[in-house]
Every structure is written in structure tokens, then in C-alpha cells.
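For reference, the structure is listed below as C-alpha cells.
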Amino acid sequence: MRVDGDFDQAGFATCQVQEGGTVVLTIQPETRPINPSPWYAARLTQDAARPRRVALDYRHGRHRYAPWASVNGGPWQRLAVEPAAQAGAPTVVALPAFAGIALVAAQPIRPVAEVLTEWATRQRAGQVQQEAAAVSRDGRSVPLFRHGSADAARLHVFATRQHPPETTGAAAFDAFADALLAADPSRRCPGHAFLFAPVMNPDGIARGHWRTNAGRTDLNRDWGALRQTETAGIAAALLALGARAQIVSLLDFHSTAGDALYSPFAPPPAALAFARAAQRHGLRHLPTQSAEAATLKSWGEVRLGAAAFTVELADAHSPTSAAAIGRALAADFLDHLACPCPGE
């Protein structure tokens, strides 16, 4: 029996295999204080088929993400969690009998390289062009892709993965982008272009962080100071684009306890129509009252003049159900936000 974290997105501090075979993983954050988003991921290897128990011993956090497993590269499946023996005890996960390699993780793992390969394929097919790229603290690319003319007078911005564990929001973003590109909105809306930032925090994802980048900074609290290379680089690119065109809307995809949509501080009619449409898909509409937070949403509205939204998907979604919401939001976006100007 072997347990290791020698892969991107691995997340545990220490490991111990008890005499009865239970694998105890100590889960602790990269920094404190921190939002309680306790990511975990480990690889278990064994020769003989047998069930395995994994105990998640949280330090400075609590169990949040229902466990998933992939055996020998197969599809991700949810795992059962045993009833808690007592308050504060480790969360025990029941892994069915397997031989070979099992990945156990807080959410299904989708490698950053896989995501960027898909965007490179779109680029080769002529669907998008890379507009700009920031560079992470570890030297990874943080690209921004454009669909539509470089001379477009109006721009729309979509981003995700500022917070590493928030994969249901990323699944909705991926489906949103797929649906939008399939509809070819630049043809339906001449003069509009669409900007996608599919991986905003590649270092935090690769390191298995709960919340932060390699600089142990929450990127979605850095849009006021812009001290991190990821936020500063994307902000500079968007400000340069916004100097030549109007940035009409911005959607930032995240995950939390339930489905929600945070709307702009001063929403135009088209933004309110989009929010009402999103409620039909189960997203609770939460009007935002303050522009003080140093989030991408706040920065987008204050600095870019965009109708800016934060889209939150529930942690409990499967990739399939999150994708269904992403596709529905793409249709709503085309109906209400993509062509907000009469006569276009």
C-alpha cells in the first residue's frame, strides 16, 4: 500500500496508514486566516483488490467537499462518508475494493494542462485568439482568449478559477463558453467581442491550495491593490482593451454552498433581466450593495464600467449538473446582455 501526493492538485499535509489499513490524511491550509475551503487530494496504490478507508483529519477547517474517486483513470464517482463517531472526529470516507491506483479528492480533478489544451484547440480552429496573458508567480501562463473582431466596439469578459477548489463554477464556465462559442455570438451581435479567462490561478490549483496563489494571497481580494502578477497582468490587459472599446459586462464564476448570482451595484435594465432569467435555473439573486470589496466583480464595475456579476455554483453539483446551468446561463446571456444596444 502506497499513498503519495506527487501530482498536480495533490492536497494533504501528512499521511499515516494505521494498523487496520485506514489511511489518515491531515488536511491543513496554506495560510491563516483563510476562507474554509479545505481541499484534499491523494493517490492510493495497492496490488490486491480490497476496500480502503480514508480518514480526513482537518486542521483549522471543517469538512466541506463531498469526496470523489477515480480508479485507474476511470470516471469520477462520489464516495460514501461514514457517520461521524463524535463531534470533531476525522471524516471517514469508504473507498470500494480496488487494485491499482485510486485518486481521492474533494472534487473531480481537471488538470490545468487539459483546460488550456482545449483552448489551444479552439485557437487552431480559428474560434478564438489569445488576446494577452499574465504570468503567475510560478511562471505559468494566465491567458485571455478573444472571440470576435479585434476592432469590436463592445467587449464582454468571463473568468473563473481564482479559487482553486471551486470546480463547480469552473464546470459551469466551461459549458457556458462551449455554448456561447457554438452560438457564434459575434455573428449574432456584430461589433461585440468576448473575452475568456479560463484559469486565473494556475499556481494555487497545481499546489492544491484552499484559496490562494503561490504568494498565499486570495486573488479575489487583490483587485484593489493588484499586487499579484495574475491580477495585475489581467487588469492591465483589460484596462488597455477598455481604453479602445466599451466593456459591457463581466461574469466571474465561483462555487459556494448554494447557487447564487451577485448582481451589479447599479444594474442597468439588461442586467436585471439577466438576473431574473438566472433565477429560473435556481440561482438566488443577491443584489450587491457596496463597491468596497476588492473583488474582480467590484473592480470590473468601478474601473471598467461593466455590468459585473459573480456567478456562484453549489459545491454539491456534479460536473454534469453544473454544466447544465452553464449552458442555460449562456442562453440567458445572449438574450439579455450580449446585445444590449437597440438596433444591433
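Would you mind computing the Rg to Rh ratio of the chain from its alpha-carbon coordinates, Kirkwood style for Rh?
Working: Rg = 20.8 Å, Rh = 20.9 Å.
Across the chain, the Cα-based Rg/Rh ratio is 1.00.
Would you mind pulling out the separation of the Cα centroids of region 208-246 and region 256-322, in Å?
Taking the Cα centre of region 256-322 as reference, the centre of region 208-246 is 19 Å away.
Solvent-accessible area of residue 59, probe 1.4 Å, all protein chains present, reported in Å² to the nearest ten, please.
Ignoring ligands and nucleic acids, residue 59 comes out at about 100 Å².
Which residues does the label zone of residue 62 cover in region 253-273, counting backbone N under 17 Å from a point 7 Å along Cα→Cβ?
The answer is 256-258, whose backbone nitrogens lie closer than 17 Å to the label point.
What does the charge dipole of the chain about its Cα centre add up to, to the nearest 20 debye, if the Cβ of each Lys and Arg holds +1 and the Cβ of each Asp and Glu holds -1?
140 debye
Throw me the Rg/Rh for region 1-122, computed over C-alpha atoms with Kirkwood Rh, two decimals. Spell out each step's value before the answer.
Values: Rg = 14.9 Å, Rh = 15.2 Å.
Reported Rg/Rh (Cα atoms, Kirkwood Rh): 0.98.
Beta carbons within 10 angstrom, averaged per residue: use that to sort the peptides 175-185, 47-57, highest first. Show your work: numbers first, answer last.
Values: 175-185: 19.1, 47-57: 15.4.
Packing order, densest peptide first, comes out as 175-185, 47-57.
Going toward the positive end of the dipole of the chain, with +1 on Lys and Arg Cβ and -1 on Asp and Glu Cβ, which of 91, 66, 313 do you reach last?
91
When the accessible area of region 40-118 is split by element with a 1.4 Å probe, what percent falls to carbon and sulfur?
Using a 1.4 Å probe with all protein chains present, region 40-118 comes out at 57 percent carbon and sulfur.
Leaving ligands, DNA and RNA out of it, report the carbon-plus-sulfur percent of the accessible area of region 223-309 at a 1.4 Å probe.
Carbon with sulfur: 54 percent of the solvent-accessible area.
Please give the per residue accessible area of the chain, computed with a probe of 1.4 Å over protein heavy atoms only, in Å².
Computed with neighbouring chains in place, this is 42 Å² per residue.
P(r) of region 90-234 in 10 Å steps, Cα pairs, percent per bin?
P(r) for region 90-234, in whole percents per bin: 10, 37, 31, 16, 5, 1.
The values are calculated or read from the model by the stated rules, or taken from the named source; none is laboratory data. On a predicted model such as this, the values are computed, not experimentally measured, just so you know. Every residue, glycine as well, gets a Cβ built from its backbone with ideal geometry; the counts of neighbours run over all protein chains shown. Each accessible area value is taken on the protein alone, full model and side chains, heavy atoms only, with ligands, DNA and RNA left out. Shrake-Rupley method; radii C 1.70, N 1.55, O 1.52, S 1.80 Å.
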